[in-house]
Amino acid sequence: MRAWMDDFENRKGLDTLTHQSRILVIASFILLLLLSAYRGLMVESSGGPMTPLLVFVLPLLLFSPAIIAKRPRGHAWLAFVSLLYFTMGVMVATLPDRTLQGALEMLASLALFTGSMGYARFRSRQLRRDS
(Lines give C-alpha, C1' and ligand atoms only; values in the text may rest on other atoms or scores of the structure.)
Protein backbone atom coordinates (compact mmCIF):
# COMPACT_ATOMS: atom_id res chain seq x y z
CA MET A 1 0.00 0.00 0.00
CA ARG A 2 2.83 2.37 0.85
CA ALA A 3 4.49 1.79 -2.52
CA TRP A 4 1.19 2.49 -4.24
CA MET A 5 0.75 5.77 -2.33
CA ASP A 6 4.32 6.84 -3.10
CA ASP A 7 3.76 6.09 -6.79
CA PHE A 8 0.44 7.96 -6.68
CA GLU A 9 2.12 11.00 -5.13
CA ASN A 10 4.88 10.92 -7.75
CA ARG A 11 2.40 10.69 -10.64
CA LYS A 12 -0.02 13.36 -9.45
CA GLY A 13 2.41 15.68 -7.72
CA LEU A 14 2.43 16.54 -4.04
CA ASP A 15 1.40 20.16 -4.58
CA THR A 16 -1.62 19.15 -6.67
CA LEU A 17 -2.75 16.52 -4.17
CA THR A 18 -2.36 18.95 -1.26
CA HIS A 19 -4.42 21.58 -3.07
CA GLN A 20 -7.17 19.14 -4.09
CA SER A 21 -7.47 17.66 -0.61
CA ARG A 22 -7.67 21.16 0.88
CA ILE A 23 -10.55 22.03 -1.45
CA LEU A 24 -12.32 18.82 -0.41
CA VAL A 25 -11.78 19.65 3.27
CA ILE A 26 -13.15 23.17 2.96
CA ALA A 27 -16.18 22.17 0.89
CA SER A 28 -17.14 19.21 3.07
CA PHE A 29 -16.45 21.19 6.27
CA ILE A 30 -18.84 23.95 5.20
CA LEU A 31 -21.48 21.43 4.09
CA LEU A 32 -21.24 19.47 7.34
CA LEU A 33 -21.35 22.71 9.33
CA LEU A 34 -24.55 23.77 7.53
CA LEU A 35 -26.16 20.35 7.96
CA SER A 36 -25.25 20.30 11.66
CA ALA A 37 -26.62 23.81 12.14
CA TYR A 38 -29.86 22.79 10.44
CA ARG A 39 -30.17 19.74 12.67
CA GLY A 40 -29.38 21.83 15.75
CA LEU A 41 -32.16 24.27 14.86
CA MET A 42 -34.66 21.45 14.30
CA VAL A 43 -34.12 19.84 17.71
CA GLU A 44 -36.26 21.11 20.57
CA SER A 45 -34.56 21.33 23.95
CA SER A 46 -35.53 22.37 27.44
CA GLY A 47 -32.14 24.10 27.73
CA GLY A 48 -33.10 26.76 25.22
CA PRO A 49 -33.00 27.02 21.45
CA MET A 50 -29.25 27.58 21.23
CA THR A 51 -28.15 24.53 23.23
CA PRO A 52 -28.64 21.89 20.49
CA LEU A 53 -27.14 24.25 17.91
CA LEU A 54 -24.00 24.66 20.00
CA VAL A 55 -23.75 20.93 20.72
CA PHE A 56 -23.81 20.04 17.03
CA VAL A 57 -21.79 22.95 15.60
CA LEU A 58 -19.20 23.82 18.26
CA PRO A 59 -17.02 20.69 17.85
CA LEU A 60 -16.59 21.52 14.17
CA LEU A 61 -15.96 25.20 14.78
CA LEU A 62 -13.11 24.35 17.15
CA PHE A 63 -11.17 23.04 14.15
CA SER A 64 -11.55 26.16 12.02
CA PRO A 65 -8.23 27.67 13.27
CA ALA A 66 -6.40 24.49 12.19
CA ILE A 67 -8.06 24.64 8.77
CA ILE A 68 -7.26 28.33 8.33
CA ALA A 69 -3.64 27.86 9.49
CA LYS A 70 -3.25 24.75 7.25
CA ARG A 71 -1.92 22.61 10.12
CA PRO A 72 -1.62 18.90 9.22
CA ARG A 73 -2.03 17.71 12.82
CA GLY A 74 -5.28 19.62 13.23
CA HIS A 75 -6.57 18.06 10.02
CA ALA A 76 -5.71 14.59 11.32
CA TRP A 77 -7.74 15.23 14.47
CA LEU A 78 -10.57 16.66 12.40
CA ALA A 79 -10.67 13.39 10.46
CA PHE A 80 -11.28 11.47 13.67
CA VAL A 81 -14.00 13.88 14.83
CA SER A 82 -15.69 13.60 11.44
CA LEU A 83 -16.31 9.92 12.19
CA LEU A 84 -18.54 11.00 15.09
CA TYR A 85 -20.59 13.01 12.62
CA PHE A 86 -20.77 9.95 10.37
CA THR A 87 -22.21 7.99 13.29
CA MET A 88 -24.76 10.73 13.95
CA GLY A 89 -25.65 10.72 10.24
CA VAL A 90 -26.33 6.99 10.40
CA MET A 91 -28.60 7.51 13.41
CA VAL A 92 -30.45 10.38 11.71
CA ALA A 93 -30.89 8.35 8.51
CA THR A 94 -32.82 5.71 10.45
CA LEU A 95 -35.44 8.24 11.58
CA PRO A 96 -38.66 8.55 9.59
CA ASP A 97 -38.60 11.46 7.11
CA ARG A 98 -34.90 12.15 7.84
CA THR A 99 -33.25 9.68 5.47
CA LEU A 100 -31.97 12.30 3.04
CA GLN A 101 -30.59 14.50 5.80
CA GLY A 102 -28.79 11.53 7.37
CA ALA A 103 -27.41 10.40 4.02
CA LEU A 104 -26.08 13.89 3.30
CA GLU A 105 -24.43 14.01 6.72
CA MET A 106 -22.82 10.63 6.12
CA LEU A 107 -21.49 11.69 2.70
CA ALA A 108 -20.23 15.04 3.98
CA SER A 109 -18.49 13.45 6.96
CA LEU A 110 -16.88 10.77 4.79
CA ALA A 111 -15.67 13.43 2.38
CA LEU A 112 -14.32 15.42 5.33
CA PHE A 113 -12.57 12.33 6.68
CA THR A 114 -11.00 11.51 3.32
CA GLY A 115 -9.95 15.08 2.61
CA SER A 116 -8.57 15.65 6.10
CA MET A 117 -6.52 12.46 6.12
CA GLY A 118 -5.23 13.20 2.64
CA TYR A 119 -4.37 16.77 3.54
CA ALA A 120 -2.58 15.69 6.73
CA ARG A 121 -0.45 13.23 4.77
CA PHE A 122 0.28 15.37 1.73
CA ARG A 123 0.87 18.63 3.62
CA SER A 124 3.21 17.02 6.15
CA ARG A 125 5.20 15.44 3.31
CA GLN A 126 5.22 18.78 1.52
CA LEU A 127 6.55 20.56 4.61
CA ARG A 128 9.28 17.91 5.07
CA ARG A 129 10.27 18.23 1.44
CA ASP A 130 10.50 22.03 1.57
CA SER A 131 12.47 22.27 4.81
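Within segment 82-107, the set of residues being without any contact (Cβ under 8 Å) to a residue 24 or more places away in the chain and charged (D, E, K, R) comprises ASP97, ARG98.
I'd like the full set of residues that are surrounded by 13 or more Cβ atoms within 10 Å (Cβ to Cβ) and charged (D, E, K, R), limited to segment 38-70. ARG39, LYS70 - these are the residues of segment 38-70 that are surrounded by 13 or more Cβ atoms within 10 Å (Cβ to Cβ) and charged (D, E, K, R).
Restricted to segment 1-37, and to residues that are of a type in the set (Phe, Trp, Tyr) and over 13 Å from TYR85 (Cβ atoms), which residue is least open to solvent (accessible area, probe 1.4 Å)? The residue in question is PHE8. Selection over segment 38-67 of residues that are of a type in the set (Gly, Ala, Ser) and farther than 21 Å from PHE86 by Cβ gives a count of 4. Those helices (runs of 4 or more DSSP H) of segment 1-64 in which 3 or more residues are in contact with a His (Cβ under 6 Å, 6 or more places away or on another chain) and either closer than 18 Å to THR114 by Cβ or in contact (Cβ under 8 Å) with a residue 24 or more places away in the chain (or both) are absent.
The values are calculated or read from the model by the stated rules, or taken from the named source; none is laboratory data. Fair warning: this is a prediction, and the values are worked out from it, not measured in the lab. As a convention, Cβ positions derive from the backbone with ideal geometry for all residues, glycine included, and neighbour counts pool all protein chains shown. Side chains are part of the model used for accessible areas, which takes the heavy atoms of the whole protein and leaves out ligands, DNA and RNA. Shrake-Rupley method; radii C 1.70, N 1.55, O 1.52, S 1.80 Å.
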